[in-house]
1. Helix 2-18 versus the longest principal axis of the chain: what angle, 0 to 90°, nearest 10, using Cα atoms?
2. May I ask you to list the trypsin sites (Lys or Arg not before Pro) in the stretch 145-198 that are in a DSSP loop and have at most 12 other Cβ atoms within 10 Å of their Cβ?
3. Before I look further, what does the chain give for accessible area per residue, probe 1.4 Å, in whole square angstrom?
4. Could you tell me what fraction of 2.2 N^0.38 Å the Cα radius of gyration of the stretch 288-419 comes to, as a two-decimal ratio?
5. So which of Lys369/Lys405; Lys378/Lys405; Lys60/Lys85; Lys60/Lys140; Lys85/Lys161 end up more than 22 Å apart by C-alpha?
6. Evaluate the charge dipole of the chain about its Cα centre and quote only its size in Debye, nearest 20, assuming +1 on the Cβ of each Lys and Arg and -1 on the Cβ of each Asp and Glu.
7. Relative contact order for the chain: what percent, with Cα pairs under 8 Å and sequence separation of 6 or more?
8. Give me the distance in nm between label points sitting 7 Å out from Cα along the Cα-to-Cβ direction at Val110 and Arg159, one decimal.
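The values are calculated or read from the model by the stated rules, or taken from the named source; none is laboratory data. Small disclaimer: the values here were computed from a predicted structure and weren't measured. Positions of Cβ are generated from backbone atoms using ideal geometry, with glycine treated the same way; all protein chains shown enter the neighbour counts. These area figures cover heavy atoms from the full protein model, side chains too; ligands, DNA and RNA do not enter into them. Shrake-Rupley method; radii C 1.70, N 1.55, O 1.52, S 1.80 Å.
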Amino acid sequence: MMKKIMCTLVLVSVVFSLSAAFVPFSYNRTSSFFSSPATIGEVEEDTPFGFMVDVSSDIKGLSFLSSPLSVTEEAAESMALSLEKKDMEWWKDNAEVISVFSSFDSSFPVPSFDEDNETFELWRIRNYLTSTFLSSSYTKERRAYVVTALADDEDVFMREKKIGGNSDLYLSLFGEKISDGFGWGWNVNLGFDGSERLFGGGKSIFSLDTRGEIGYAFSVTDKLTIGISCIPSLRMETYILPSSYALSRLQGDMLSLFTEDFRFGTGIEVNMGLLYRVNEELSFTIDGRNLPSLYSYWGLSLSDMASFNLNFNRLKDTWVELPDGVLGAHWKRGRHSVDVAMDSIVSQLLWMKEVDGYEFDFMLCPKVKYSYSLGKQKTLTAYLENSLIAFALDYNGFSFSLSYKVEDNNIGMKIGYRF
């Protein structure tokens, strides 16, 4: 027993000594067993290969993909209402907005910023926005390109009226094997993490990461199990601006997405956990996640990538992912099982300390899952988290789920298979 404890402590110390050279991933595909490593001692799993496709979007995000002009029309109205409220000083400080309008329409009343004519020039701009820019003579296509050109500027659109977003797409390939308290796994993830807004600021992230997972759990007593897991990773990502995303959809050209520099990184995530089994039906877990999760990034410009000049620039010495604690309760009787968890408490408290004005959101913490077994490898599951409701079916390796997020009118679907 003492040897097991010493091995665990040595592994932790090695991880801490190496952690400055690694990087985590924004889209967490870590298997639940490695996120709660004490459970590794409770299961047997052998999946040489599997895949999962995860798609989600709000209604406006779907509308933009299917009929972009209908959404750009709404964005144009939001922009016109916002710009109508701007004074002449704002227009003077935002000459690029004037340049965009005049490049698409030579009749745009470019102001001279003469103080004697300020009131009249401001009236002409406001009149143009309502009588010309939003009129039928100004084609929808031209309005769409004006809106797209200004999509990165949050001050141009009405902040209180969000226009779509949250369109996410992920493809994951994975494998894992768990036996006799020891587990390992791998996964490769290609993802698009959409901005919360289609227009008016915010950035999407396109990423590719590959990770290994290794974990070990051992019994201290008949009721108490300790587990630790380590997840090293390699990652590539780039930001996608709202203007690039909109232009790519309008032109049907995916290459238009990539206008920002790429980042490359390496990282590591360490999790530790305890499992206490009250009896055959009831158990409790306590997990410490991101203990630590540290990473480093190197930047590579688009021009260097195009010329195959690998001139990497170190962006920062070390980033640290906020640690978190998770309390879980697990009950199973016959075909029924219930899992309840409380997380995001520690991370939110730390975030409140770092960011002025951040308010603790209790609704981010509780998560409830109910499962009903239909037989071997056949399960129905209902899941509730914050404003997210999901239903899933697992059937002989095939998995399918539908979800709905009430807060954002976000619809999600997952399809996967374990071979």
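1. 20 degrees
2. Sparse-neighbourhood loop trypsin sites (Lys or Arg not before Pro): Arg159.
3. Spelled out: the 1.4 Å probe surface of the chain, per residue, equals 52 Å².
4. Its radius of gyration relative to the 2.2 N^0.38 Å reference: 1.47.
5. From the list (Lys369/Lys405; Lys378/Lys405; Lys60/Lys85; Lys60/Lys140; Lys85/Lys161), the Cα-Cα distance tops 22 Å for Lys378/Lys405; Lys60/Lys85.
6. In debye, rounded to 20, the chain gives about 1720.
7. With pairs under 8 Å counted, the relative contact order is 18 percent.
8. Each label point lies 7 Å from its Cα, and together they span 3.1 nm.
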